[in-house]
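Undergrad: Structure below; questions to follow.
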Amino acid sequence: PARIHMGIILKKEGKLEIAITHVHEALEKKKDQANLYVFLSSLYEDAKRVADAENILKQGLASMPRSSDLLYALGTIYEKTNRFPEAVKSMESILKNDPEHADALNFIGYSYADRGMNLDEAERMIIKAMQIKPGNGYITDSLGWVYYKKNNLDKAIKYLKDASNLQPEDAAIAEHLGDAYAKAGKINEALEMYKKALKLNPGSNTLPKKINNLAQHKNP
């Protein structure tokens, strides 16, 4: 526990390599703790050592192949490294063992929606996830995004507004709501949400373009 605590402190201080050493030493004593593999993987990711992040999760899965925590973390790495089929497969492995795993359901559903594929299945999975975790802003956002992709803009705006109220500091959700407003021709509302999203995420490359395009549309 002392080494884990030290790893958390060092991570906050940005001393990632030292943190990795401490958590590795903790893992040597507790090789049956999935959360240690996940934490160590996150440290590797922060240190831009993605291959190591992936490998440490696979080491954990070698002895704990049914661990939802390990499979979920591995799936997110696959997604970040543009290996979508492998990401879905990892999440499906979770659902074989735990069909009520809301985060895995939401992950697959949102991933499908974002790619504009399997939208009926995405809707079904996300609705199930919402029933398991009611009031979750990220799952609510996913359902709104499905409806956006289906061009059901009334439902999209409804759920994306709910999501934005549940997660008011999330830039991606604010941008999604802006997209839905823009697609519905509600320019003022879209601009308001895009500006909010940009305030939350000032480093965005897409939001200034969206704001500029809408402003020109509003004032030709």
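Undergrad: Just in region 112-202: which GluC sites (Glu not before Pro) are loop by DSSP and have at most 12 other Cβ atoms within 10 Å? All intermediate terms of the calculation are to be shown ahead of the outcome.
TA: Working: sites: 121, 123, 169, 175, 189, 192; in loops: 169.
Loop-located and lightly packed - 169.
Undergrad: Can you tell which of 87, 167, 107 lies farthest toward the positive end of the dipole of region 64-220, using +1 and -1 charges on the Cβ of basic and acidic side chains (Lys, Arg; Asp, Glu)?
TA: The residue sitting most towards the positive pole is 167.
Undergrad: How large is the charge dipole for the chain, taken about the Cα centre, if only the Cβ atoms of Lys, Arg (+1) and Asp, Glu (-1) carry charge, to the nearest 20 debye? Let's see the in-between values first.
TA: Values: 32 positive and 29 negative charges, 87 e Å.
Computed charge dipole of the chain: roughly 420 debye.
Undergrad: Only Cα pairs under 8 Å and at least 6 apart count here; give the relative contact order of the chain as a rounded whole percent. Mind showing how you got there, number by number?
TA: Working: 288 pairs, mean separation 19.2, N = 220.
Relative contact order here is 9 percent.
Undergrad: Another one. Just read off the accessible area of residue 46 with the full protein assembly in place, 1.4 Å probe, to the nearest 10 Å².
TA: Only protein atoms counted, so the area is about 70 Å².
Undergrad: Suppose a student asked you for the relative contact order of region 40-147, using Cα pairs under 8 Å spaced at least 6 residues apart; what percent would you report?
TA: Working: 119 pairs, mean separation 17.8, N = 108.
Relative contact order here is 16 percent.
Undergrad: Which lysines, on any chain, are close to residue 155 with Cα under 19 Å apart, when same-chain ones fewer than 8 places away are left out?
TA: Cross-link targets: 128, 183, 186.
Undergrad: Using a 1.4 Å probe on the protein heavy atoms, what percent of the accessible area of the chain belongs to carbon and sulfur?
TA: Numbers: 5960 of 11780 Å².
Using a 1.4 Å probe with all protein chains present, the chain comes out at 51 percent carbon and sulfur.
Undergrad: Could I ask something else about it? Once phi is turned into ³J(HN,Hα) by the Karplus curve 6.51 cos²θ - 1.76 cosθ + 1.60 with θ = phi - 60°, what whole-Hz value does each residue of region 63-80 show in order, with x for glycine and proline?
TA: Those phi angles translate into 9, 10, x, 9, 5, 5, 4, 5, 5, 5, 4, 5, x, 5, 5, 4, 5, 5 Hz.
Undergrad: In the Gaussian network model of the chain, springs joining C-alpha atoms below 10 Å, which of 49, 124, 66 carries the largest mean-square fluctuation?
TA: 49
Undergrad: What are the extents of the Cα atoms of region 61-220 along their three principal axes, listed from largest to smallest and rounded to whole Å?
TA: In descending order, the Cα extents are 61, 29, 26 Å.
Undergrad: List the aspartates and glutamates whose Cα sits under 16 Å from the Cα of residue 133, skipping any in the same chain fewer than 8 residues away.
TA: In chain and number order, the partners are 98, 100, 103, 123, 141, 162.
Undergrad: Please get the size of the charge dipole for region 15-59, origin at its Cα centre, with Cβ charges of +1 on Lys and Arg and -1 on Asp and Glu, quoted in debye to the nearest 20.
TA: Computed charge dipole of region 15-59: roughly 60 debye.
Undergrad: Using a 1.4 Å probe, how large is the accessible area of residue 81, given in Å² and rounded to the nearest 10?
TA: It works out to around 50 Å².
Undergrad: With unit charges on the beta carbons (Lys and Arg positive, Asp and Glu negative) and the dipole taken about the Cα centre of the chain, which residue among 44, 116, 75 sits farthest to the positive side?
TA: 116
Undergrad: Specify the residue with the greatest mean-square fluctuation among 146, 38, 50, computed from a Gaussian network of the chain linking alpha-carbon atoms under 10 Å apart.
TA: The residue with the greatest mean-square fluctuation here is 50.
Undergrad: With unit charges on the beta carbons (Lys and Arg positive, Asp and Glu negative) and the dipole taken about the Cα centre of the chain, which residue among 176, 215, 148 sits farthest to the positive side?
TA: Positive-end residue among those listed: 215.
Undergrad: For the pairs 48/199; 161/210; 12/48, flag any whose C-alpha to C-alpha distance is greater than 24 Å.
TA: Numbers: 48/199 27 Å; 161/210 19 Å; 12/48 16 Å.
Those over the limit are 48/199.
Undergrad: Another question, if that's okay. Quick one: if you stick a label point 7 Å off each Cα along the C-beta vector at residue 66 and residue 97, how many nm between them?
TA: Label at residue 66, label at residue 97, 0.7 nm between them.
Undergrad: Contour minus end-to-end for residue 124 and residue 166, with contour as 0.36 nm per residue of separation and end-to-end as the Cα-Cα distance?
TA: On the way: separation 42, 0.36 × 42 = 15.12 nm, distance 2.15 nm.
That works out to 13.0 nm of additional length.
Undergrad: Also, I was wondering about something else. Please identify every one of the GluC sites (Glu not before Pro) in region 1-66 that sits in a loop by DSSP and has no more than 12 other beta carbons within 10 Å of its own beta carbon. Could you put the intermediate results ahead of the total?
TA: Working: sites: 13, 17, 25, 28, 45, 54; in loops: 13.
Here the sparse-neighbourhood loop sites are 13.
Undergrad: Measuring with a 1.4 Å probe in the full set of protein chains, what accessible area per residue, in whole Å², belongs to the chain? Display every interim value, and only then the final one.
TA: Working: 11780 Å² over 220 residues.
On a per-residue basis, the chain sits at 54 Å².
Undergrad: What translational D, rounded to a whole number of µm²/s, comes out for region 1-77 from Stokes-Einstein when the hydrodynamic radius is the Kirkwood one over Cα pairs, at 37 °C and 0.692 mPa s? Intermediate results must be reported in sequence, preceding the final value.
TA: Details: Rh = 12.1 Å.
It diffuses with D of about 271 µm²/s by this estimate.
The values are calculated or read from the model by the stated rules, or taken from the named source; none is laboratory data. Here the structure is a predicted model, which is why all the values come from computation and not from measurement. Positions of Cβ are backbone-derived with ideal geometry, glycine not excepted, and every protein chain shown enters the neighbour counts. Just so you know, the surface numbers come from the protein's heavy atoms only, side chains and all, with ligands and any DNA or RNA stripped out. Shrake-Rupley method; radii C 1.70, N 1.55, O 1.52, S 1.80 Å.
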